1. For the structure I just gave you, tell me whether Thr22 is modelled with pLDDT of 85 or more and either closer than 23 Å to Val128 by Cα or small (Gly, Ala, Ser) (or both).
2. For the stretch 72-85, indicate whether the set of residues that are of a type in the set (A, V, I, L, M, F, W, C) and under 30 Å from Glu31 (Cβ atoms) is non-empty.
3. If the requirement is being out of contact with any Leu (no Cβ under 7 Å at 6 or more places or on another chain), exposed (fewer than 14 other Cβ atoms within 10 Å of the Cβ) and of a type in the set (S, T, N, Q), which of these qualifies: Asn73, Asn46, Asn78?
4. With the requirement that a residue be assigned to a helix (DSSP H, G or I) and surrounded by 12 or more Cβ atoms within 10 Å (Cβ to Cβ), what does the stretch 98-107 give you?
5. Which of the residues spanning the stretch 38-56 are farther than 14 Å from Cys105 by Cβ and in contact (Cβ under 8 Å) with a residue 40 or more places away in the chain?
Amino acid sequence: MATLKRNRWQVYTGISGKYDRTEHMLEALTEMVVETVIKAEKIHKNCYRCFAADRLAVLNAKGDFYPCEILENRLIGNVRDWEYDIPSMLIFPAALDIREWARTCVCTWECAINMSFIYQPLQYLRVVTRALSNTISQ
């Protein structure tokens, strides 16, 4: 029993040797993301609010700007053509259409799901509750 407690304490303290509360939060967030991926795959329905081209975007080496890595077939534009003015690109009608469509996208890309938890303050309570639950059950 002492070994188990010591190992658990080592996990909680991480590399620094100090107790790190963020580990519980990251563990809870990761669990929730995995559950969301499984649920989305199972029911083939969007289970989260997607922030593609809103809070999340991909810019490649050529300057092509996409709403996310999964939606490479939905080019918003090239930043060079817009004189590197990304905010203007995002209010262009074609970009607005892509952003609206992204809200209905069904994908299991973990980065997008993480963003949905991070940018929705109402999700914080769920993450904290999970972290506390995990801590108590250990």
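1. no
2. no
3. Checking each option against the conditions leaves just Asn73.
4. Ile98, Arg99, Trp101, Ala102
5. Arg55
The values are calculated or read from the model by the stated rules, or taken from the named source; none is laboratory data. Quick caveat, the model's predicted, so the values are computed rather than measured. So basically every Cβ, Gly included, is an ideal-geometry build from the backbone, and we count neighbours across all protein chains shown.
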